[in-house]
Amino acid sequence: MKPVLLLLGSNIEPERHIPQAKAELRELLSDCVFSRTYLTAPVGDPDQPPFWNVAAKGKTTLTVEELQRALAHLERQHGRVRDPARPCGPRTLDLDLLLYDQEVGQFGSLVLPAPLLTREAFVLVPAAEVAPEWRHPVLQRPLSALVGGIQTVGVSLLKEAPHA
């Protein structure tokens with residue numbers, strides 16, 4: 001069993017997609033635990049609603065490639081459409097693999113650890129909440145220690161997320 005860390009995001013009907021995706025991830029991963037839900041400002045394409053973001057940690061017997069395919073399948077089931085004209089645009093569901101054990105490298109189009117993990121608060125804050133002791137495989141520092149060095153403006157806890 002390999003430990004994994006994921007990020008869920010949605011800004012199109014997030015009150016429906018995030019809870020459903022959490023239930024589906026509980027079926028896909030063992031020992032699945034989720035962070036609280038964060039409301040975050042969109043990055044890279046500001047003309048859209050804010051996102052709901054949740055980190056998930058769990059364990060899997062799937063390879064990196066198999067897990068990535070399973071996550072893409074879940075996104076498609078939720079109606080995710082990738083618009084090349086708006087790569088950072090609105091989405092029903094985004095499932096990003098942030099860490100897979102201590103793997104470092106490129107797996108097809110996937111880079112591990114995910115570069116956004118240390119660059120964006122909307123990724124690191126929920127990730128550090130759910131896996132504070134996990135070490136970044138390149139920096140060799142716990143995720144909780146990395147939060148102090150990142151700007152957290154635009155990230156807040158979602159107050160009204162009864163089903164997320």
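Nothing in this text is a laboratory measurement; each read-out follows from the coordinates by a stated rule. The structure presented is a predicted model; accordingly, all values stated were derived computationally and were not measured. Cβ placement follows ideal geometry from the backbone for every residue including glycine, while neighbour counts extend to all protein chains displayed.
Taking the number of other C-beta atoms within 10 Å as the exposure measure, put Thr118, Thr63 in order starting with the fewest. Please report the intermediate quantities before stating the final value.
Numbers: Thr118 18, Thr63 12.
In increasing order of surrounding Cβ atoms, one gets Thr63, Thr118.
To the nearest 20 Debye, how big is the dipole of region 1-47 about its Cα centre, given +1 on the beta carbon of each Lys and Arg and -1 on that of each Asp and Glu?
Working: 5 positive and 7 negative charges, 53 e Å.
Approximately 260 debye in magnitude.
With a cut-off of 8 Å between alpha carbons and a minimum separation of six or more residues, what is the relative contact order of region 1-58 in percent? The partial results should precede the final answer.
On the way: 84 pairs, mean separation 28.2, N = 58.
The value is 49 percent.
Among Glu129, Glu65, which comes first, second and so on when ranked by fewest other beta-carbon atoms within 10 Å? Kindly include the intermediate steps, with their values, before the conclusion.
Details: Glu129 18, Glu65 11.
In order of increasing Cβ crowding within 10 Å: Glu65, Glu129.
Might you report the magnitude of the Cβ-based charge dipole of region 2-157 about its Cα centre, with Lys and Arg at +1 and Asp and Glu at -1, to the nearest 20 debye? Don't skip to the answer; put the middle values down first.
Numbers: 16 positive and 18 negative charges, 23 e Å.
My answer is approximately 120 debye.
Given a cut-off of under 8 Å on Cα pairs at least six residues apart, what relative contact order in percent is computed for the chain? Walk me through the numbers on the way to the answer.
On the way: 304 pairs, mean separation 49.4, N = 164.
Contact order relative to length: 30 percent.
Considering the convex hull of the alpha carbon atoms of region 38-126, report its projected area averaged over all viewing directions, in nm², one decimal.
Numbers: hull surface 24.7 nm².
The number I arrive at for region 38-126 is 6.2 nm².
In region 2-157, with Lys and Arg counted as +1 and Asp and Glu as -1 at Cβ, which of these residues, His78, Pro113, Val43, has the Cα nearest the positive end of the dipole, that is, farthest along it?
Pro113
Separation of region 1-37 and region 67-124 by C-alpha centroid, Å?
13
For the chain, what is the mean residue ellipticity at 222 nm derived from helices alone (per DSSP H run of n ≥ 4: -39500 (n - 2.57); sum divided by total residues; nearest 500 deg cm²/dmol)?
Working: 5 runs with 48 residues, N = 164.
For the chain, the value works out to -8500 deg cm²/dmol.
If you place +1 on the Cβ of every Lys and Arg, -1 on the Cβ of every Asp and Glu, and leave all else neutral, what size is the dipole of region 1-83 about its Cα centre, to the nearest 20 Debye? Each step should come with its number before you reach the end.
Details: 11 positive and 11 negative charges, 63 e Å.
Charge dipole, region 1-83, about its Cα centre: 300 debye, nearest 20.
Rounded if a/c is under 1.5, else prolate if a/b beats b/c, else oblate: with a ≥ b ≥ c from the C-alpha gyration tensor eigenvalues square-rooted, which is region 2-157? If you can, show how the numbers build up before the last one.
On the way: a/c = 1.41, a/b = 1.11, b/c = 1.27.
In terms of gyration-tensor shape, rounded.
Spelling out what I want: for every residue of region 103-117, take phi, set θ = phi - 60°, compute 6.51 cos²θ - 1.76 cosθ + 1.60 (Karplus), and round to whole Hz; glycine and proline get x.
Rounded to whole hertz, the list is 5, 9, x, 10, 10, x, 8, 8, 10, 10, x, 4, x, 5, 4.
What's the exposure ranking of Glu103, Glu24, going from fewest to most Cβ atoms within 10 Å? Don't jump to the answer; show the numbers that get you there.
Values: Glu103 15, Glu24 18.
Listed from fewest to most nearby Cβ atoms, that is Glu103, Glu24.
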